[in-house]
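Reading through the structure tokens given below for one structure.
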Amino acid sequence: MKRLKEASTWAGLGVLFQVAKVLVPPQYHVVLDGLSGLAGAVAGIVPETSAVK
């Protein structure tokens, strides 16, 4: 659950949503684009807390 608070996790999910577009029919591409955009927005807001301090 700690990983959900990391920006890199959300960025990775956004990338995976884009990769999943290859596997699904075209009518679902807009849904995956929305999810990818949402994950990217969350990645932009959430700080990366596992950085070396």
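When restricted to Cα atoms, segment 1-42 yields an Rg and a Dmax of 10.9, 34 Å, respectively. Under the criterion of Cα pairs below 8 Å and six or more residues apart, the relative contact order for the chain equals 53 percent.
Rounded to the nearest 500, the helix-only mean residue ellipticity at 222 nm of the chain stands at -19500 deg cm²/dmol, with each DSSP H run of n ≥ 4 adding -39,500 (n - 2.57).
Segment Val30..Gln18, full-extension length gain: 3.3 nm, with 0.36 nm per residue of separation and the alpha-carbon distance subtracted.
Helix 29-45 and the longest principal axis of the C-alpha atoms of the chain enclose an angle of approximately 10°.
What part of the accessible area of the chain, given as a whole %, is carbon or sulfur when the probe is 1.4 angstrom? Could you put the intermediate results ahead of the total?
On the way: 2950 of 3990 Å².
Carbon plus sulfur share of accessible area: 74 percent.
Residues in the chain average 75 Å² of solvent-accessible surface per residue, probe 1.4 Å, ligands and nucleic acids excluded. Descending by average beta-carbon neighbour count within 10 Å, the peptides 15-27, 31-43 line up as 31-43, 15-27, the highest first.
The values are calculated or read from the model by the stated rules, or taken from the named source; none is laboratory data. Computed from a predicted structure; not experimentally measured. We place every Cβ from the backbone using ideal geometry, glycine too, and count neighbours over all the protein chains shown. Remember, those area values only see protein heavy atoms, side chains included, never the ligands or the DNA or RNA. Shrake-Rupley method; radii C 1.70, N 1.55, O 1.52, S 1.80 Å.
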